[in-house]
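This report refers to the structure that appears directly beneath it.
The values are calculated or read from the model by the stated rules, or taken from the named source; none is laboratory data. Bear in mind the structure is a predicted one, so any value in this text is a computation, not a measurement. Backbone-built Cβ (ideal geometry, glycine too); neighbour counts: all protein chains shown.
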Amino acid sequence: MNRRIAVFGTGYLGATHAACMADLGHDVLGVDVDEGKLAKLAAGELPFYEPGLPEVLRRNIDAGRLRFTTSYQDAAEFADVHFIAVGTPQKRGELAADLRYVDAVIETLAPMLVRPAIIFGKSTVPAGTAARLRKRLRALSPVGDRVELAWNPEFLREGFAVQDTLHPDRIVLGVDPTTSGGEAETAAREVYAAQLGEGIPFLVTDLATSELVKTAANAFLATKISFINAIAEVCEATGADVTQLADAIGHDARIGRRFLNAGIGFGGGCLPKDIRAFIAMAGELGAGQAFGLLREVDTINMRRRNKMVELAREVAGGSFIGARVAVLGAAFKPESDDVRDSPALNISGQIQLQGAAVSVFDPEAMQNAREVFPTLHYASDVQAACVGADVVMVLTEWRHFVDLDPNDLAAVVRQRIMIDGRNCLDPRRWRDAGWIYRGIGRP
Ligand SMILES: NC(=O)c1ccc[n+]([C@@H]2O[C@H](COP(=O)([O-])OP(=O)(O)OC[C@H]3O[C@@H](n4cnc5c(N)ncnc54)[C@H](O)[C@@H]3O)[C@@H](O)[C@H]2O)c1
């Protein structure tokens, strides 16, 4: 059954969700406070890079199933299913999540809900948020208990957002078991009928469990990355090769090979802030001791960035003064233009502050990078970034960089020194072409 859906927040998560829900046949209204973003979306233009999403967006705008507005009133009148997809960034100067945008959706929308409706939260929030918002929603809505709030955490990966939304690994729904949670489950089953028809696992939990599933999943992934980076430090001390080691342990199905790539660590708009919010929440709940673990995960991750700067300085001859460094990659990962907490940009900034001339190139993230780090130099392509370079660094593993020809690049650099911050290049190819190759945790 097709539903009338409103999605609040049309960033990476919300724009994807809105377009994909329309693609499933629902009638969808995307709501945001950013008029510039909405104007682009309404014109079928994506304000960020996400492979495959522009086609889904345009197809559904053209079919009349997808519209955008700033008006909460329109959304309240139009939809009976609402998704919250606004940001939950880290609070300034604190580890905790900033919930003001999520709160604002409820405070604005609830008084306008004059007939029964279901609100699904998708944003990543600390446990306890959904129960609090549910109480507030029912207090503010003129129809009181006839509005329901459930939590439906989102696990999509940027770069694979369409695939992950239309064919997720699982759907988690947190409901309040004491009252009308059943209505939320019924609505979710209708919204996600196509996914359920594919046999995708559907797990119904209480509210707190659903919130924790998301933060625990991110904490586990972050731990896996920092684990292999800690092993990489040991490999460096012993002359072992962390890539071979990861291949070998990854064959064990209990361990698995994915997320075991040593490198400059994780960044982006989710993992760093989510593990910090998790530490803050655990502390507030009196369960903080267990999360010494996540502090260590965060510390190992941030240490990778400093080590990368040290390695670059070492190969540049002990000082960055007068050195030219080419940085390939600005996005926090390939297939994305997201530079939030990007290790590549953090490292570029540190190297520049220590006296080097840094030239950055990224296939998709140039505009976002310029906004965050306006003082770095941005080159028009790989060759331009590498002209006269003493050191070349690959800091985001775009396919474009993995496939580079060492001989082509050799013609423009001053010294053939390659630092592979993602262990994504073939060391032999680069060494055979006369380059000094340095990876992470490999000889
Ligand atoms: N980006 C991802 O890959 C991803 C994956 C899973 C979960 N999440 C979670 O989803 C949430 C959103 O993340 P994002 O990456 O899409 O953030 P984002 O910053 O790209 O988008 C947030 C959007 O919300 C809008 N907004 C702010 N206040 C609003 C309000 N009161 N009403 C309507 N719109 C408002 C902003 O203008 C912005 O467009 C976060 O909690 C994040 O942790 C993100």
Quick count over region 7-33, residues being within 10 Å of the ligand (Cβ to nearest atom) and crowded, with 24+ Cβ neighbours inside 10 Å, is 12
Within region 117-149, restricting attention to residues that are more than 16 Å from the ligand (Cβ to nearest atom) and touching a residue at least 60 places away in the same chain (Cβ under 8 Å), which residue is surrounded by the fewest Cβ atoms within 10 Å (Cβ to Cβ)? 131
Between 230, 248, 262, 290, which is assigned to a helix (DSSP H, G or I) and surrounded by 15 or more Cβ atoms within 10 Å (Cβ to Cβ)? 230
From the options 36, 52, 93, residue that is at pLDDT below 95, surrounded by fewer than 18 Cβ atoms within 10 Å (Cβ to Cβ), under 23 Å from the mean Cα position of the chain (by Cα) and more than 19 Å from residue 129 (Cβ to Cβ): 93
Pull up region 55-73, narrow it to residues that are closer than 27 Å to residue 111 by Cβ and away from the ligand (no atom under 12 Å from the Cβ), then point me to the one that is surrounded by the most Cβ atoms within 10 Å (Cβ to Cβ). 66
Might you let me know whether region 331-342 holds any residue that is in the same structural domain as residue 243 (by TED's automatic domain parsing), touching a strand residue (DSSP E or B) at 6+ places or on another chain (Cβ under 8 Å) and of a type in the set (Phe, Trp, Tyr)? no
Just name the residue that is farthest from the ligand (Cβ to nearest atom) out of those in region 160-179 that are of a type outside the set (Ser, Thr, Tyr) and at pLDDT below 95. 177
